[in-house]
Amino acid sequence: MATIFSRIVEGEIPSYKVAESKDFYAFLDINPLARGHTLVIPKKEVDYIFDIENELYKELFTFAKTVGKAIERVIPCKRIGIIVFGLDVPHAHIHLIPINKSSDMSFDSPKLSLDKEEFEEIAAKIQKAFQDA
Ligand code: 5GP
């Protein structure tokens, strides 16, 4: 059975896409800690990120770096925090979170409640910055 993230890649479940390549997909987290909070995933289904074979693993982080650089160009922040949990969704994913202080990375903090238009606007800005990179 496909993971929820594979179903997002296939377009069966909608997402606010910010970037895509042959092997990777990036989209806004639906429960964001900050505007621009993005998830970067390999299209290949692997649960635990450390089970990804080395070449794909390196490429995943290189892709995430390009996405992170695109986010920081359009979302005001000190830098992009990067974190991997993977405790909820069994499909490896990297969180990219615009931050100004370390507590901005706390998953115990309340999540932002954004409407569809806000998500779409943020995704479109990041998508453009990614394409212009
Ligand atoms: P983790 O597995 O890293 O602990 O958490 C999974 C993350 O995926 C959470 O931040 C959650 O908000 C996000 N997430 C779970 N389901 C969906 C979904 O269907 N769409 C999107 N965009 N994000 C999701």
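Quote the Stokes-Einstein diffusion coefficient, in whole µm² s⁻¹, for the chain, based on the Kirkwood radius over alpha carbon pairs, a temperature of 10 °C and a viscosity of 1.306 mPa s.
Roughly 107 µm²/s, to the nearest whole number.
Select from GLY11, ALA124, ASN31 the residue farthest towards the positive end of the dipole of the chain; place +1 on Cβ of Lys and Arg, -1 on Cβ of Asp and Glu, and compute about the Cα centre.
Going by the charge dipole, the pick is ALA124.
Which value, in Å², gives the accessible area per residue of the stretch 4-127 when a 1.4 Å probe is used on the protein heavy atoms?
It amounts to 56 Å² per residue over the stretch 4-127.
How many percent of the accessible area of the chain is carbon or sulfur, using a 1.4 Å probe? Mind dumping the intermediate values first?
On the way: 4050 of 7730 Å².
The C+S portion of the solvent-accessible surface of the chain is 52 percent.
For a quick protection proxy, order the peptides 99-110, 61-72, 34-45, 120-131 by their average other-Cβ count within 10 Å, most packed first.
Highest-to-lowest ranking by the protection proxy: 34-45, 61-72, 120-131, 99-110.
Using a simple charge model, +1 on the beta-carbon of Lys and Arg, -1 on the beta-carbon of Asp and Glu, nothing else, what dipole does the stretch 4-127 show about its Cα centre, in debye to the nearest 20?
Once rounded to the nearest 20, the dipole reads 560 debye.
Give the calculated FRET efficiency between GLU45 and LYS65 to the nearest 0.05, with a Förster radius of 25 Å applied to their Cβ-Cβ distance.
0.65
Please compute the contact order of the stretch 1-96 in relative form: average sequence separation of alpha-carbon pairs under 8 Å and at least six residues apart, divided by the residue count, as a percent.
Here the relative contact order equals 30 percent.
Quick one: net charge of ASP104's neighbours, Cβ under 14 Å, K/R +1, D/E -1?
It works out to a net charge of +2.
The values are calculated or read from the model by the stated rules, or taken from the named source; none is laboratory data. All values reported here derive from a predicted model rather than from experimental measurement. Neighbour counts are summed over all protein chains in view; Cβ atoms, including those assigned to glycine, are modelled from backbone coordinates with ideal geometry. Only protein heavy atoms, including side chains, enter the accessible area calculation; ligands, DNA and RNA are left aside. Shrake-Rupley method; radii C 1.70, N 1.55, O 1.52, S 1.80 Å.
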